Amino acid sequence: MERLIILAGDKILNSRSPDVYVIHKGEKAEQLALEITCQLRSSNLMIELDYSGSSFSKQFKRADKSRAKWALVIGEDEATKGQLLMKKLRDKENDEESKEYIFSKEDLDQLIKKLIA
C-alpha cells in the first residue's frame, strides 16, 4: 500500500476536486442525472455522479467530502418538471450572492456558463 502511495504521490496531491457532484433520488431522476452528466462532461467539466441511491443527506455528505464546488440536485419532482437545482458548496464567503439556482434541463447552456464563471 505504501508503495502505491509513493508511486502515485504527485497525482494524488495534484488531483482536482470535481466541479459538480450530481445528487439524485428516484428512477426518473437517475435517468435525467445520467443524461445531464454526459452533457456536462462533454463541456470538459469534471463531474462526479453518485450511484449509491442513498438518501439526499448521505449524498450531500459525500459531495462535501469530494470537495466539489457545486451540487446538482435532481429529485423525482425536479425530473418530472424538467428542472435542475444547483447548489453552491464551496467559496461561500460572498453571502450576498445566491447559493442556489434552478435551471430547466433545456437551459443547460446557462447552467454551464454559471459553472465556468
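Structure values in brief
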read-out	value
In region 99-117, the residues that are aliphatic (A, V, I, L, M), outside any helix (DSSP H, G or I) and either touching a Lys or Arg at 6+ places or on another chain (Cβ under 9 Å) or at pLDDT below 90 (or both)	ALA117
Positions within region 36-66 being charged (D, E, K, R) and either closer than 14 Å to MET86 by Cα or surrounded by 13 or more Cβ atoms within 10 Å (Cβ to Cβ) (or both), in sequence order	ARG41, GLU48, ASP50, LYS58, ARG62, ASP64
Options ILE102, ILE112: the member that is of a type in the set (Val, Ile, Thr) and in contact (Cβ under 8 Å) with a residue 40 or more places away in the chain	ILE112
Positions within region 100-113 being surrounded by 13 or more Cβ atoms within 10 Å (Cβ to Cβ) and closer than 16 Å to ILE47 by Cα, in sequence order	LEU108, LEU111, ILE112
Residue in region 82-91 that is in contact with a Lys or Arg (Cβ under 9 Å, 6 or more places away or on another chain), over 17 Å from LYS105 (Cα atoms), touching a residue at least 12 places away in the same chain (Cβ under 8 Å) and not charged (D, E, K, R) present	yes
Helices (runs of 4 or more DSSP H) completely within region 2-60 that count 3 or more residues being hydrophobic (A, V, I, L, M, F, W, C) and either at pLDDT below 95 or more than 18 Å from LYS113 (Cβ to Cβ) (or both)	2-7, 27-41
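The values are calculated or read from the model by the stated rules, or taken from the named source; none is laboratory data. All values reported here derive from a predicted model rather than from experimental measurement. All Cβ positions, glycine included, derive from the backbone under ideal geometry; neighbour counts span all protein chains shown.
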